[in-house]
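I have placed the structure first, in the form of structure tokens, so that the comments after it can refer back to it.
The values are calculated or read from the model by the stated rules, or taken from the named source; none is laboratory data. Bear in mind that the values here come from a model prediction, so they are computed numbers and not experimental data. Using ideal geometry, Cβ is built from the backbone for each residue, glycine included, and neighbour counts are taken over all protein chains shown.
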Amino acid sequence: MINKPYVHSNYERIKDDDYKTIDPRCVQALLESCPIIRGKIVDPCSPSGSGIVRRLSELGCVAEGLSDAFLPTKDVDWIITNPPYKKNIVDEILWHQIHRLEDENVFGVAALLRNNFDFAKTRWDMFNSLWYFGQVHMMFRPRWIEGEQKHSPIHNFVWHIWKARSLISAPIVLYWKESK
């Protein structure tokens, strides 16, 4: 029996599922839903450039990319990233960023992930932590490939947000719809 993913795309997969955030609406959804994001921002998963950093910079934010998610950071307020979804490493990347909150090295972490990412029981502690602030559901499916496409995207994505010194008692869920 051939092992196929539960949802099959007609496009060739990118190595490690490292799809760049080229859809500017993703960053817009995060910033409009969470106006608390300010200061110096880094994307630690952007060795070859980042649509997140580019869009943040276009919007007037101080943002830069890093080539290694595990390198130490200095003077960073927020980490905003779309980590590559290589199964064996995505959790390690996210835990490393969340630990930066615990060490008071950053104010917040926002990660763009598939909407069912938090359903895994192995991630219970990640989402049941004092730092988990909530999520922003984007009312569109982001595009990950440049140029004209034959088919619409098939996956829904959300921003998961962890924030230092969160004053809320339960995570919040926000919805963002593009205004035209």
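For this structure, a couple of remarks:
- Given (1) more than 14 Å from the chain's Cα centre (by Cα); (2) in contact (Cβ under 8 Å) with a residue 24 or more places away in the chain, number of the condition SER57 does not satisfy: (2)
- The residue of region 159-172 that is modelled with the lowest pLDDT, among those that are surrounded by 10 or more Cβ atoms within 10 Å (Cβ to Cβ) and farther than 15 Å from LEU31 by Cβ, is SER166.
- Taken over region 109-138, the criterion of being aromatic (Phe, Trp, Tyr) and in a loop (DSSP other than H, G, I, E, B) is satisfied by TRP131 alone.
- Tally, over region 68-91, of residues that are more than 11 Å from VAL42 (Cα to Cα), outside any loop (DSSP other than H, G, I, E, B) and within 14 Å of the chain's Cα centre (by Cα): 2
- Residue check for ALA120: surrounded by 11 or more Cβ atoms within 10 Å (Cβ to Cβ) and at pLDDT 95 or above: no
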